[in-house]
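Novice: One structure coming up, written as structure tokens, with questions to follow.
The values are calculated or read from the model by the stated rules, or taken from the named source; none is laboratory data. Everything quoted here is computed from the prediction, not taken from an experiment. FYI the Cβ positions are ideal-geometry reconstructions off the backbone, even for glycines, and counts take in every protein chain you see.
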């Protein structure tokens, strides 16, 4: 395949992950609003691996938690929680906790270790 002219400038990425079209910030995080709907994002926390797929509606399809979202679940308000408890809606980044509403309360996961875009098949 020829050179597309698009190069990944993130030295933390690995060759098994397709990132060139995703706006990943310096900390390795992703603003979900800047991602094309349908893009599959894998979020590795200390305890689980989540699949996150932004939708055109602004909601996010997410699964990976054995209790809160073992099956694909449509969520409005997915984001990340800082250690202070402040929520950054629409952003997923390492060092923070994946955070989303569930049955009238907000759930925060274990610490996010890595965020990556699934390689296209």
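Novice: Only residues that are in a helix (DSSP H, G or I) and farther than 14 Å from residue 112 by Cβ: list them for region 24-35, please.
Specialist: 33, 34
Novice: Quickly run through region 80-93 and pick out the residues that are in contact (Cβ under 8 Å) with a residue 24 or more places away in the chain, out of contact with any helix residue (DSSP H, G or I) (no Cβ under 8 Å at 6 or more places or on another chain) and closer than 19 Å to residue 59 by Cβ.
Specialist: The answer is 80, 81.
Novice: Could I ask something else about it? Could you list all residues from region 36-48 that are in a strand (DSSP E or B) and over 10 Å from the mean Cα position of the chain (by Cα)?
Specialist: Within region 36-48, just 45 meets the criteria.
Novice: Being part of a loop (DSSP other than H, G, I, E, B), farther than 18 Å from residue 34 by Cα, in contact with a strand residue (DSSP E or B) (Cβ under 7 Å, 6 or more places away or on another chain) and without any contact (Cβ under 8 Å) to a residue 40 or more places away in the chain: is that true of residue 67 here?
Specialist: Details: part of a loop (DSSP other than H, G, I, E, B): yes; farther than 18 Å from residue 34 by Cα: yes; in contact with a strand residue (DSSP E or B) (Cβ under 7 Å, 6 or more places away or on another chain): no; without any contact (Cβ under 8 Å) to a residue 40 or more places away in the chain: yes.
So residue 67 fails the test.
Novice: Report yes if some residue within region 67-78 is modelled with pLDDT of 90 or more and in contact with a helix residue (DSSP H, G or I) (Cβ under 8 Å, 6 or more places away or on another chain); otherwise report no.
Specialist: yes
Novice: Take residue 52 and decide whether it is part of a strand (DSSP E or B), more than 19 Å from residue 28 (Cα to Cα) and without any contact (Cβ under 8 Å) to a residue 60 or more places away in the chain.
Specialist: no
Novice: Let me ask something else about it. One residue is enough: does region 94-108 have a residue meeting the conditions part of a loop (DSSP other than H, G, I, E, B), over 14 Å from residue 29 (Cβ atoms), at pLDDT below 95 and out of contact with any helix residue (DSSP H, G or I) (no Cβ under 8 Å at 6 or more places or on another chain)?
Specialist: Yes; the residues of region 94-108 include at least one that is part of a loop (DSSP other than H, G, I, E, B), over 14 Å from residue 29 (Cβ atoms), at pLDDT below 95 and out of contact with any helix residue (DSSP H, G or I) (no Cβ under 8 Å at 6 or more places or on another chain).
Novice: Residues in region 49-66 that are surrounded by 19 or more Cβ atoms within 10 Å (Cβ to Cβ) and touching a helix residue (DSSP H, G or I) at 6+ places or on another chain (Cβ under 9 Å): how many?
Specialist: 3
Novice: Whether any residue in region 40-48 is out of contact with any helix residue (DSSP H, G or I) (no Cβ under 8 Å at 6 or more places or on another chain), farther than 17 Å from residue 111 by Cβ, without any contact (Cβ under 8 Å) to a residue 60 or more places away in the chain and surrounded by 14 or more Cβ atoms within 10 Å (Cβ to Cβ) is what I want to check.
Specialist: no
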